[in-house]
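> For reference, the structure I am asking about is given below.
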Amino acid sequence: MDFQLNDEQLQLKKSVREFAEREIAPNVMKWDEAGEFPLSTIQELGKLGLMGIVFPQEYGGAGMGYVEYVTAIEELSRVDGSVGIIVAAHTEAQKKKYLSKLASGEYIGAWGLTEPSSGSDAGSARMSARKTKNGWLLNGNKTFCTNGHYADVAVVIAVTDRAAHTHGLSAFIVEKGTQGFRPGKKENKLGLRASDTAELIFEDCLIPAENLLGRENDGFIDAMQVLDGGRISIAALSLGMAEGAYEAALKYSKQRRQFGKAISEFQAIQWKLADMATEIEAAKLLTFRAAAMKDSGMKTTLESSMAKLYASEVAVRCANEGVQIHGGYGFIKDYPAEKFYRDVKLCTIGEGTSEIQRLVIARQLLKD
Ligand SMILES: Cc1cc2nc3c(=O)[nH]c(=O)nc-3n(C[C@H](O)[C@H](O)[C@H](O)COP(=O)(O)OP(=O)(O)OC[C@H]3O[C@@H](n4cnc5c(N)ncnc54)[C@H](O)[C@@H]3O)c2cc1C
């Protein structure tokens, strides 16, 4: 059992960390306050190969695995969760035709499963796809789509056979600019404000027959497989933000003096730091175990959900304690604590809430 990253993985970690500290850290609050999507930074990440880490090399990807993918998202999210989620949402199921442009960062991808009336109960989606002699006719709305306004291609799940319920959903790829397709409301959010979260609107949108992804009526199975990987990426996003919040609190606790000593000398503060560091290590083990299992071709439904559930809840606890350790300054935008506190909450909601993760885990435990 090897708990160490190898030399290439350590090199990747170092270079992503340097990039994040050089190119992202100085802009984090500006992007956050303005709700500004960091398009040029995302394109730079594409040039470094970070927008297609797990894509095959023959399609312009880096041909690496989930361990590397988790490492990159962790390092980006340690500095800015918004950049982390943009990358995480981008690398979902896509069609070979688009992979090289997505890998280079020339194209940005989005994934639309959630609808206004179907979130946790994703199988009850209403958006319809009707087969016609000219292709598929899409009608309906997706909501809360990460990268929605900036996506050059979006994968959406729509109903192809209403009577078959979850066995009647299919996945489709839609290009930006297709007639009848437009992004709608841009959400004004509590956190991750530099990431774009938007509605996608389809009104008699005709797409070519070949834009069906995978097999007809396999869309729900496809979505669940995407989520097995996506939950690992949200675990990595959580892990990075938990580390960022912890490091900021550790640093501050050594600098801030009260009662004639650094607050890090108070046992109450030391115990918070000890709990944060311990829980982060546990979250890291779960996250990298799920990633390593995925890389070895194993099914990770249980492990992905455990990693996502635990890492996201640890991140929320760490961000909360991070603000507490900063005292009043934790509430002030001059310090990074308040932003981690706002950003992390998405992690217990996106790609399935904590309640849904527990449901998935229990279902796996009770299976046989
Ligand atoms: C910033 C952001 C980015 C997102 N990005 C994307 C994206 O790119 N693509 C995409 O498709 N979606 C995206 N989402 C949507 C996200 O996945 C959903 O918000 C999430 O799955 C929850 O769905 P909901 O909001 O409809 O909540 P609901 O499903 O209405 O849940 C409300 C509450 O009820 C609980 N609940 C529901 N069902 C059960 C149950 N059976 N047992 C116990 N409790 C239950 C939930 O846990 C929650 O606490 C994003 C959301 C946000 C906020």
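> I need a count of the residues in the stretch 121-154 that are in contact with a strand residue (DSSP E or B) (Cβ under 9 Å, 6 or more places away or on another chain), within 10 Å of the ligand (Cβ to nearest atom) and assigned to a loop (DSSP other than H, G, I, E, B).
4
> So if I check each of Gly327, Gly297, which one is modelled with pLDDT of 95 or more, small (Gly, Ala, Ser) and in a helix (DSSP H, G or I)?
Sole residue among the options that is modelled with pLDDT of 95 or more, small (Gly, Ala, Ser) and in a helix (DSSP H, G or I): Gly327.
> Also: Of the conditions (1) surrounded by 14 or more Cβ atoms within 10 Å (Cβ to Cβ); (2) under 30 Å from Asn6 (Cβ atoms); (3) touching a residue at least 24 places away in the same chain (Cβ under 8 Å); (4) away from the ligand (no atom under 16 Å from the Cβ), Arg317 fails just one. Which one is it?
Going through the list (1) surrounded by 14 or more Cβ atoms within 10 Å (Cβ to Cβ); (2) under 30 Å from Asn6 (Cβ atoms); (3) touching a residue at least 24 places away in the same chain (Cβ under 8 Å); (4) away from the ligand (no atom under 16 Å from the Cβ), Arg317 breaks only (2).
> Kindly indicate the residue of the stretch 79-120 that is among the charged types (D, E, K, R), at pLDDT below 95 and not in a helix (DSSP H, G or I) and also farthest from the ligand (Cβ to nearest atom) among those meeting that condition.
Glu106
> Related question: Please find, among Leu12, Leu76, Leu48, Leu39, the residue that is more than 23 Å from Thr143 (Cβ to Cβ) and surrounded by fewer than 20 Cβ atoms within 10 Å (Cβ to Cβ).
Leu48
> Could you list, ordered by first residue, the pairs with Cβ atoms under 7 Å in which the first is in the stretch 186-204 and without any contact (Cβ under 8 Å) to a residue 60 or more places away in the chain and among the hydroxyl-bearing types (Ser, Thr, Tyr) and the second is within 11 Å of the ligand (Cβ to nearest atom) and in a loop (DSSP other than H, G, I, E, B), at least 6 apart or interchain?
Matching pairs, first to second residue: Thr197/Gly148; Thr197/Glu187; Thr197/Lys189.
> How many residues, within the stretch 155-196, are in a loop (DSSP other than H, G, I, E, B), touching a helix residue (DSSP H, G or I) at 6+ places or on another chain (Cβ under 6 Å) and not polar (S, T, N, Q)?
Total meeting the criteria: 6.
The values are calculated or read from the model by the stated rules, or taken from the named source; none is laboratory data. In this text the structure is predicted, and so the values were computed from the model without any measurement. With ideal geometry, Cβ positions are generated from the backbone for all residues, glycine too; neighbour counts draw on all protein chains shown.
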